[in-house]
Every structure is written in structure tokens, then in C-alpha cells.
Amino acid sequence: MHPSVHAQATPDKAALIVAETGETISYAQLDAASNQAAQLFRSSGLGVGDTVALFLDNIADFFGIVWGAQRAGLFFVCIPAKLTAPEVDYIVRDSGARMIVASAAMRGVAEALAAPAPGDARLMIGGDAPGWRRWEEAVAAMPATPIADERAGVDMLYSSGTTGRPKGVRVALPEDPGIAAPNVLVMLAQALYRLGPDSIYLSPAPLYHAAPLRWSMAVMRLGGTVVMMQHFDPEAALAAIERYRINASQWVPTHFVRMLKLPDQARARHDLSSLKVAIHAAAPCPIPVKEAMIAWWGPVLYEYYAGSEGNGLTTIDSTQWLSHKGSVGKAAYGQLHICDEAGNELPVGTEGLVYFGGGGVFEYHNDPEKTAEAKNAQGWTTLGDIGRVDDEGFLYLTDRKSFMIISGGVNIYPQEIENRLITHPRVADVAVIGGPCPDMGERVIAVVQPVDMAEAGDAFAAELAAWCRAELSGVKTPRQIDFAAELPRAPTGKLYKRLLRDRYWGNSDSRIV
């Protein structure tokens, strides 16, 4: 259950393939690289329980570093590549990282980072920067043998800050110190998705996010091959499935939307018959989008609902979903509970906050107040999502509590409106938020990214309003429709609604954003 095991059994097998270039790293090479990384961490003074920050894009060296941190008993903080220097500084400082490793693509931001505290270290991969050591030179001096005090470490990932400052999700180091000890995700990967040594797994998203990082590491624990895309492109993803005979993969709904909006000829150009498992999560998938994907790819879609916090998980396959459309599944880890604002459990079918009991335990680093807010009197924990459970135990998500719009005393959930607008053939992306309204408190605003920005204007806004009215009640139809060339999304598909809300609550007069 660890790359080091497979390095002994199948040393020449590909652990990683870079989709765009074909560059391959074998299990023997990955094991050596991770040993050298662990040796470097120790020689730099990082001991068990210390923290290292990784500011990396999807480079081939990524896994050697994270597995090195894992076998050195460290907390490894993967920092999103698109953050600014003040945002990176905040995470490095808040996490208590004693070392930061950056890739050359991050050099512009890396050079602007605040001076490290005494004892900190800076290393850069693939380039030079003033005040930074070259990773390649530092690690080349290290032996490729295991450190004497190997101990299992774990990731410490920060929320994407959709509603405020990002918070580090911290779990305890694994109770079993063995680096090859199984974890919950690996067991779920085997039981739910049949992942194993024969898996050829496509990861199209940035590895600094929870799902791509953890699922890719789970595949490597099981001895499969990860095919990593450096950047997502819809047709390039289809081409990678054909070229590498991908049989397992992980996606977010925005990937599906972009692939579905390819020309028919481009969609039909590639042989996708090898694909047996297409896992998706991270954001709600509109029903028409998922219907179209199942019609195209067949019943290979597997959806789950979970968070970086690891407090619980639901799952649903294509067959189950077709008879429970819109559901994100039944509990596979932890027990589901729907509760009111006071933490009291609600009857079946009633909407409320989604809680998990009996799952993983976590805390928000340096934020005991937020940690306490996520837990009720029974000890169950919530990610802040609203939903309901039917009499068969299937969960249906409504939206995040923090995104709810209250207009004239009526609760309006943006997700339902977004799901309608994204199905318009000339809409590439959409976000629905609440803006200030002197009479109603808030009004519904849709910010739309058209397929063709030249169409942005009053005529298209009127057409989209009519599109909404055809299926939604009047209170849910946007009172204002603005247009943007691009919405502020993370590469995982998560939308930074806070940025849009701040813009409107500061200035609500703009017509085209």
C-alpha cells in the first residue's frame, strides 16, 4: 500500500506519465526521488510533525516531493498556483511551514514573498531566484535510501477561500506510523471503484487540490499508473483517454460542460471505450449535464460528496443516479444527518444542514471558533451545505448555506438557477449571487460568461431571463443579468463567489463586469 512496496515488486512500471509529453517516472525512480526528498527535509531540520509548504504547478517532480514529505512524517501544505504573494504569505505563516518549495512557474510570486523567519528554507525547482536554493542541487547530494525514522505524514490543505480567508484543514498524523498502512480513501477506492494495480488513471486537474492529490496518491498506493495533465483542455483530455487507454479518471462538472460544448466532430474523434470509471465531485452537477455525459460515455460515472475535511462521504453510481436524479448518493463513510440551525435532527425529506457523524475528525488550523461552528452538540460535523435525505437514504444537495439569497424574506438557492442557465447552448459559465436591494434586502443577480462575448448585451440578457422563467418561478428569475469574459473559478471548478459578491456590494451599477 505504498509506492516503495511497488518499487520492489515492479520497479520499471510507470507510476506517473505526463499526458502532454509522455514523460514517464517509474516506481523505482519515484521511490528514489521520495527518499532523497525525505533525506533533504531531515537534513534541513524538519522533524516528525513539522510542516512544509509546496507552491507547485503540475510538474513531474511533484510526487517525489509529496511522497518524501509523507514518509518523513510531515504535514505538507499544497498551495494553489494562482494565488498572489500576500495570499501565499498568509498560508505559509498560518500553517507554520518551516520550508517552502516552489516551481519555476511560480517564480514571479515566489520572489515577492515576505522574508522567511529564522530557520525557514526556500528551494526552487527548475529555475533560479534570489535568496532561493536550487532544489535539484540540494536533493542531488542526498542518499536515495530511506531515512532512519520513517513515519507516515499527511496533507494539510487550505480551503479555497470562497467566503473569506482560507482555513487549513488539519487532521492528526495517522495513528499507525507505518508509511504503507492503508487509509480510508484507499479502501474506498478499491471497494467502490475497483481501483488497483491495473488502473490507468487520468488526473486532469491541479494537484494542489484535495481530490486530484489524494486520489492520485491512492492510485500510486495501489500500484496503478497516474496520467497527469499539466493543464486541462477538453479535447486534449479526450485524446489522452484514447492515447493512454485510460480506464479510470476524476473530473469536476465544469470539465463535463466544456467537453459537452465541443463540436460534435471533436467529441466523436476519440475512442473512449477503455474508460470504465469516471469519478466526479467538487461541485454539484446539473441534471441535464450528467444526463448528457451518461448518454455519451455510458454508465461509467460515479459521483461522490465529501470535503477536504474528510468527515464523511456519500457515493452514487450511474444506475442509482438515473433512478434518483440529482442525488449525490448514500453514505459510504460516516452517517448522514440533516439538522436545523440548532443542530436538531430533522424528519426525512426536510431540508437542513448536512452533518456527518462517525466519520473523520478534523479541525480548522488556528481557528477554534470555526472548528466549533462546524460541530453540533451530538459531535456531528458539517461543511455548511444544505440538503435533504429521501426515505431510501439518498442525499440531495440544495446549496451552501453561505450562498443562500434572502429576498423579501424568501430563501433562494443559487444552484437551481445556475443549473438552468448553464444548459443554455450559448452560456459557457454562470454564477448567481445576491446583490443589494433597498426594498427586498437582496435581489438575484446572474453573472454569465457567454460562449461568444460579442453577444453580451440587453438582448441576450432578456433571452436568458425568458429561459429561466420557462422553468423557474418568478422569484428565482434573475432581476439583473450581467456578463463577464471569465468567472473567478479555481481550476477544480470551485467558484469564488466572495469575489463577485464583494464587487456588487461595493458597486452594483455595472452592466457588464
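The values are calculated or read from the model by the stated rules, or taken from the named source; none is laboratory data. Bear in mind the structure is a predicted one, so any value in this text is a computation, not a measurement. Glycine also receives a Cβ, built like all others from the backbone with ideal geometry; neighbour counts cover every protein chain displayed. Note: accessible area is taken over every heavy atom of the protein model, side chains too, but ligands, DNA and RNA are not part of it. Shrake-Rupley method; radii C 1.70, N 1.55, O 1.52, S 1.80 Å.
Details
- Test: residue in segment 392-402 that is hydrophobic (A, V, I, L, M, F, W, C) and at pLDDT 95 or above: yes
- Annotation note: of Gly45, Gly64, the sole residue that is open to solvent by 20 Å² or more (accessible area, probe 1.4 Å) and either farther than 13 Å from Gly153 by Cβ or in contact (Cβ under 8 Å) with a residue 60 or more places away in the chain (or both) is Gly45.
- Some residue of segment 347-358 being aromatic (Phe, Trp, Tyr) and at pLDDT below 95: no
- Single unsatisfied condition, Pro197 versus (1) assigned to a loop (DSSP other than H, G, I, E, B); (2) out of contact with any Leu (no Cβ under 8 Å at 6 or more places or on another chain): (2)
- In a residue-by-residue description of segment 435-442, the property of being crowded, with 18+ Cβ neighbours inside 10 Å and part of a strand (DSSP E or B) applies to at least one position.
- Close Cβ contacts (under 9 Å, 6 or more residues apart or on different chains) running from residues in segment 143-166 that are modelled with pLDDT under 90 to residues that are open to solvent by less than 50 Å² (accessible area, probe 1.4 Å) and of a type in the set (Lys, Arg) comprise Ser159/Lys167; Gly161/Lys167; Thr162/Lys497; Thr163/Lys497.
- Those residues of segment 87-108 which are hydroxyl-bearing (Ser, Thr, Tyr) and either assigned to a helix (DSSP H, G or I) or surrounded by fewer than 20 Cβ atoms within 10 Å (Cβ to Cβ) (or both), in sequence order: Tyr90, Ser95
- Within segment 407-420, being more than 23 Å from the chain's Cα centre (by Cα) and either of a type outside the set (D, E, K, R) or part of a strand (DSSP E or B) (or both) holds for Ser407, Gly408, Gly409, Val410, Asn411, Ile412.
- Residues of segment 409-422 satisfying the condition of being free of Cβ contacts under 8 Å to residues at least 60 places away in the same chain and surrounded by fewer than 16 Cβ atoms within 10 Å (Cβ to Cβ): Gly409, Asn411
- Residue check: Thr24 meets all listed conditions (1) in contact with a helix residue (DSSP H, G or I) (Cβ under 8 Å, 6 or more places away or on another chain); (2) free of Cβ contacts under 8 Å to residues at least 60 places away in the same chain but one, namely (1).
- Residue in segment 380-401 that is under 30 Å from Met453 (Cα atoms) and open to solvent by 30 Å² or more (accessible area, probe 1.4 Å) present: yes
- Residue match in segment 266-279 (condition: touching a helix residue (DSSP H, G or I) at 6+ places or on another chain (Cβ under 7 Å), closer than 22 Å to Gln449 by Cβ and hydrophobic (A, V, I, L, M, F, W, C)): yes
- Filter pass, Ile287 being aliphatic (A, V, I, L, M), closer than 18 Å to Thr423 by Cβ and modelled with pLDDT under 95: yes
- Matching residues in segment 48-61 - criterion: being open to solvent by 10 Å² or more (accessible area, probe 1.4 Å) and closer than 19 Å to Leu173 by Cβ: Val48, Gly49, Asp50
So that you can scan it fast, the table gives a plain yes or no per residue for (1) of a type in the set (Gly, Ala, Ser); (2) within 24 Å of the chain's Cα centre (by Cα):
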| site | (1), (2) |
| --- | --- |
| Pro146 | no, no |
| Met156 | no, yes |
| Ser159 | yes, yes |
| Leu173 | no, yes |
| Ala180 | yes, no |
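- Restricting segment 353-379 to residues that are farther than 29 Å from Arg93 by Cα and aliphatic (A, V, I, L, M), the residue that is surrounded by the fewest Cβ atoms within 10 Å (Cβ to Cβ) is Ala377.
- The numbered conditions (1) within 13 Å of Val448 (Cβ to Cβ); (2) in contact with a strand residue (DSSP E or B) (Cβ under 9 Å, 6 or more places away or on another chain) are all true for Thr423 except (2).
- Which numbered condition Leu346 fails, given (1) closer than 23 Å to Thr371 by Cβ; (2) in contact with a His (Cβ under 9 Å, 6 or more places away or on another chain): (1)
- Count of segment 445-492 residues, restricted to those that are assigned to a loop (DSSP other than H, G, I, E, B) and either open to solvent by 70 Å² or more (accessible area, probe 1.4 Å) or in contact (Cβ under 8 Å) with a residue 24 or more places away in the chain (or both), is 17.
- If the condition is being without any contact (Cβ under 8 Å) to a residue 60 or more places away in the chain and open to solvent by 20 Å² or more (accessible area, probe 1.4 Å), then segment 67-86 contributes Leu83, Thr84, Pro86.
- On the stretch given as segment 109-137, residues that are farther than 14 Å from Ser44 by Cβ, open to solvent by less than 60 Å² (accessible area, probe 1.4 Å) and either at pLDDT 90 or above or in a strand (DSSP E or B) (or both) total 8.
- Segment 82-105, residues that are of a type in the set (Gly, Ala, Ser) and within 22 Å of Ser34 (Cα to Cα): Ala97, Ala102, Ser103, Ala104, Ala105
- Each residue in segment 316-325 was checked for being more than 30 Å from Ala172 (Cα to Cα) and either open to solvent by less than 10 Å² (accessible area, probe 1.4 Å) or aromatic (Phe, Trp, Tyr) (or both), and 2 pass.
- Extreme residue, modelled with the highest pLDDT, among residues of segment 200-224 that are in a loop (DSSP other than H, G, I, E, B) and open to solvent by 10 Å² or more (accessible area, probe 1.4 Å): Leu222
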